[in-house]
Amino acid sequence: MNETIETILKHRSIRQFTDQTLTDEEIRTIVGSAQAASTSSYIQAYTIIGVKDPEKKKKLAELAGNQSYVEHNGHFFVFCADLHRHEKIGEWEGADVVPTLESTEKFMVALIDAALAAQNASLAAESMGLGICYIGGIRNDLEQVSEVLNLPDRVVPLFGLAVGHPAHESDVKPRLPFEAIYHEDGYERDEEKMKDTLKEYDDTISSYYHARTAGKRSDRWSGQMANMLSNRPRMYMKEFVEKKGFNKR
């Protein structure tokens, strides 16, 4: 096993960082690594916003559900789906690009491009001995996040990425079994096999929480998912995305 794979398999979310900020060189390395990710048709439909301003970080932490590690980290990145520059290119080149920019396909391209870039950034950071934590909580109130970051139309903030020097080491959380994720030659639709696989995984997760919390928790993954998906958070998203000029066709 090489060092790259070891870094990938050792991933864990870090939620406590030291006060040491990232250097400009480290930021450029992380962003450069993000830009090296694959991009559909070379469109590069994303923007990364680094947030250094303490007041902006504090506000974003509040909007993300009062997550302290959004405010206290080595650097905070916000990954955005971005077709704004492409709209401007259309204007400057005299091309009618708006119908394409408003398509579901280009919305998906922007989301995928941003996600690929972010994962490259994360792997780069972790290979440098830094810790990372993705922050989906910024989607709690994208109107206010957009105001804080001065975002134009056709730019949607997708998630944050807190990066810094770890103040502690957390455990690697067990993932779904190989058989649950990898299917050959088609989707495995045997529900009994699925139930058996998930039962095994639920037992693993329950034991993980029990050991981690000295018996205070013994959650099952299936129970967690059922509870989470029974709620209806961020149901404003479709309206917001369309208002920003995405996913209208």
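The values are calculated or read from the model by the stated rules, or taken from the named source; none is laboratory data. Since the model is a prediction, treat every value here as computed from it, not as a measurement. When we count neighbours, we look across all protein chains shown, and the Cβ atoms used for this are built from the backbone with ideal geometry, even at glycine.
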Report task. From the list Val78, Val145, pick out the single residue that is more than 18 Å from Leu22 (Cα to Cα), among the β-branched types (Val, Ile, Thr) and in contact with a Pro (Cβ under 7 Å, 6 or more places away or on another chain). Result -> Val145
Report task. State the number of residues belonging to segment 1-36 that are surrounded by 11 or more Cβ atoms within 10 Å (Cβ to Cβ), in a loop (DSSP other than H, G, I, E, B) and not hydrophobic (A, V, I, L, M, F, W, C). Result -> 8
Query raised in the report: What are the residues in segment 21-44 that are aliphatic (A, V, I, L, M) and closer than 24 Å to Val70 by Cβ, if any?
Result: Leu22, Ile27, Ile30, Val31, Ala34, Ala37
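To keep it simple, each residue is scored yes or no on (1) in contact with a Pro (Cβ under 7 Å, 6 or more places away or on another chain); (2) closer than 30 Å to Glu87 by Cα; (3) not assigned by TED's automatic domain parsing to the domain that holds Ile112.
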{"site": "Leu158", "(1), (2), (3)": "no, yes, no"}
{"site": "Glu184", "(1), (2), (3)": "no, no, yes"}
{"site": "Glu200", "(1), (2), (3)": "yes, no, yes"}
{"site": "Arg212", "(1), (2), (3)": "no, no, yes"}
{"site": "Asn227", "(1), (2), (3)": "no, no, yes"}
Query raised in the report: Which ranges mark the helices (runs of 4 or more DSSP H) fully within segment 47-156 that have 2 or more residues being closer than 25 Å to Glu242 by Cα?
Result: 54-63, 84-93, 98-101, 104-127, 142-149
Query raised in the report: Glu126 passes all but one of (1) over 15 Å from Ala162 (Cα atoms); (2) touching a Ser or Thr at 6+ places or on another chain (Cβ under 7 Å); (3) not β-branched (Val, Ile, Thr); which number fails?
Result: (1)
Report task. Take the residues in segment 201-242 that are in contact (Cβ under 8 Å) with a residue 60 or more places away in the chain and in a helix (DSSP H, G or I), then tell me which one is surrounded by the fewest Cβ atoms within 10 Å (Cβ to Cβ). Result -> Met237
